[in-house]
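Reviewing the structure listed below.
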Ligand code: G6P
């Protein structure tokens, strides 16, 4: 996976590549590199670590030239080293290539190339691809720019797996060739200059006019023109799209980390998710982008939700909301499991693909599989014009604003809010009463102010975090809609602190997990006063009886829990269906403050990427 940027035009390529690349760091940040045609040949700089490391290397020894390719990496094959960083060169050293994707048959291809005398310096699958293109280029009788296009096509035929690539060759000083299969690639059209990038965000300061490359297409990109062809022939019906140029702010404001900033932004991001979407007259919600009439919505018999990580956890809360409000059976799927599994689908099922970035490869693959089976699939995305947003049959935008911290926070609460609106809408088209609908609407409207109340107590959470941050392992327990909140709390803790954490339904404690309880393993128990409150208190007692320590997420007025638990993360009371939206916030803060106490890299935790664009 990874992010790609290429530039061809009259300006110096290096600063443009570095700047555009920095907007793709969410796709991976373990190493970065660039290659520029400097008039004599291909000059490469690459460094393990963040893009900033590459920028420093380029500052010390700048590369001059007006055409180049660049890459930010999330390692799949081979460690995060300077050598494994992209670009990779072919055997001649005159061709450089960057790649987003996975070459599945690379071992077999590599063995064959080694048999023909090729030498490899890295452990990557990408270097094999560079050598294949280089070999095809050297063997080709074709003249001119078509030669590199043909060489790329020939390599694509030999490679199994996914790819988005950009290639330059020192024999062709005005040309970048790009190609895609599976991994996204967009052409940015400038005035007398052109760009290639993994997504439109990278190009925001340079152009808002883009052409989205389709699967299997190859583009020959020059400063003044671009020609796109698939194996079926030249694309003549090129549609230039004008995208909204939302340049992601890199300003942390008064906050030391993006994660904290984004946790605090939830007061407004949640409002952005419901603004203009409440219909108090009909006690319902209005969601214009679904592209389905009321009649079609009434005919839905089942809902399937697809997602990964935090997005899937939001979908799991969504299941609870829709089943309760609309009485429609809902199933949730890890997108990666759905796309390759045999899980049966029933007629009249509506699918939802949930993804903050709209670029997660597994979610995209699952969306395509649902559509292949003939089902409509709607997207719940944050990034406007992302691949999932474009390929889905309609959907709902989250309008959360850019989420830069790798650990998803505000996107989670926005996704859950959208499921609340969906539950309300579908419920009111069925049996949900107007008075129940009004209760939900009122609870939604009072939510931002209650979120502020939770955030105002961040310092209390900080003290708890500082006390428990030395734990090696933690348990997170919750029931019903708070079970996914337990999963999300555990995921946040793992992601940013590297403390092992597991989320379970509270009642599962006694079926094995209880063996882990001791005084070194704190349990976070989500126990609002709801229908299963007494059951949760039972779990609390069981933990205490075995010497365990309990941090309870509970209503601020709950004196009983205050007596029993070792620490309380208080939350205000709201409608029980919306309570999970408040309960998750102290857990986000708990993981954030624990990570800070442990000196972790909060916004860019090790081994992760904001959006995983490979399977
Ligand atoms: C990665 C991130 C997670 C995120 C997941 C889904 O694994 O590290 O934080 O929840 O991808 O991302 P998406 O963009 O599809 O919501």
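The values are calculated or read from the model by the stated rules, or taken from the named source; none is laboratory data. Note that this is a predicted model, so its numbers are computed, not measured. Every residue, glycine among them, receives a Cβ derived from its backbone with ideal geometry; neighbour counts consider all protein chains shown.
Taking strands (runs of 3 or more DSSP E) that fall entirely within segment 155-214, which contain at least 3 residues that are in contact with a helix residue (DSSP H, G or I) (Cβ under 8 Å, 6 or more places away or on another chain)?
Values: elements: 161-169, 176-181, 186-189, 194-197, 209-212.
The strands (runs of 3 or more DSSP E) meeting that bar are 161-169, 176-181.
Of 540, 509, which residue is modelled with pLDDT under 95, crowded, with 16+ Cβ neighbours inside 10 Å and either in contact with a strand residue (DSSP E or B) (Cβ under 9 Å, 6 or more places away or on another chain) or under 20 Å from residue 577 (Cβ atoms) (or both)?
Checking each option against the conditions leaves just 509.
Given (1) closer than 19 Å to residue 375 by Cα; (2) surrounded by 14 or more Cβ atoms within 10 Å (Cβ to Cβ), where does residue 267 come up short, assuming only one miss?
Exception for residue 267: condition (1).
Given (1) free of Cβ contacts under 8 Å to residues at least 40 places away in the same chain; (2) touching a helix residue (DSSP H, G or I) at 6+ places or on another chain (Cβ under 6 Å), identify the lone condition not met by residue 119.
Going through (1) free of Cβ contacts under 8 Å to residues at least 40 places away in the same chain; (2) touching a helix residue (DSSP H, G or I) at 6+ places or on another chain (Cβ under 6 Å) one by one, residue 119 breaks only (2).
Out of the residues in segment 299-313 meeting the condition of being in a helix (DSSP H, G or I) and in contact (Cβ under 8 Å) with a residue 60 or more places away in the chain, tell me which one is nearest to residue 377 (Cα to Cα).
Checking each candidate, the answer is 311.
With 496, 553, 524 as the choices, which residue is over 26 Å from residue 325 (Cβ atoms) and touching a strand residue (DSSP E or B) at 6+ places or on another chain (Cβ under 7 Å)?
Going through 496, 553, 524 in turn, just one is over 26 Å from residue 325 (Cβ atoms) and touching a strand residue (DSSP E or B) at 6+ places or on another chain (Cβ under 7 Å): 524.
Against the condition surrounded by 21 or more Cβ atoms within 10 Å (Cβ to Cβ), free of Cβ contacts under 8 Å to residues at least 40 places away in the same chain and not in a strand (DSSP E or B), how does residue 136 come out, does it pass?
Spelling it out, residue 136 is indeed surrounded by 21 or more Cβ atoms within 10 Å (Cβ to Cβ), free of Cβ contacts under 8 Å to residues at least 40 places away in the same chain and not in a strand (DSSP E or B).
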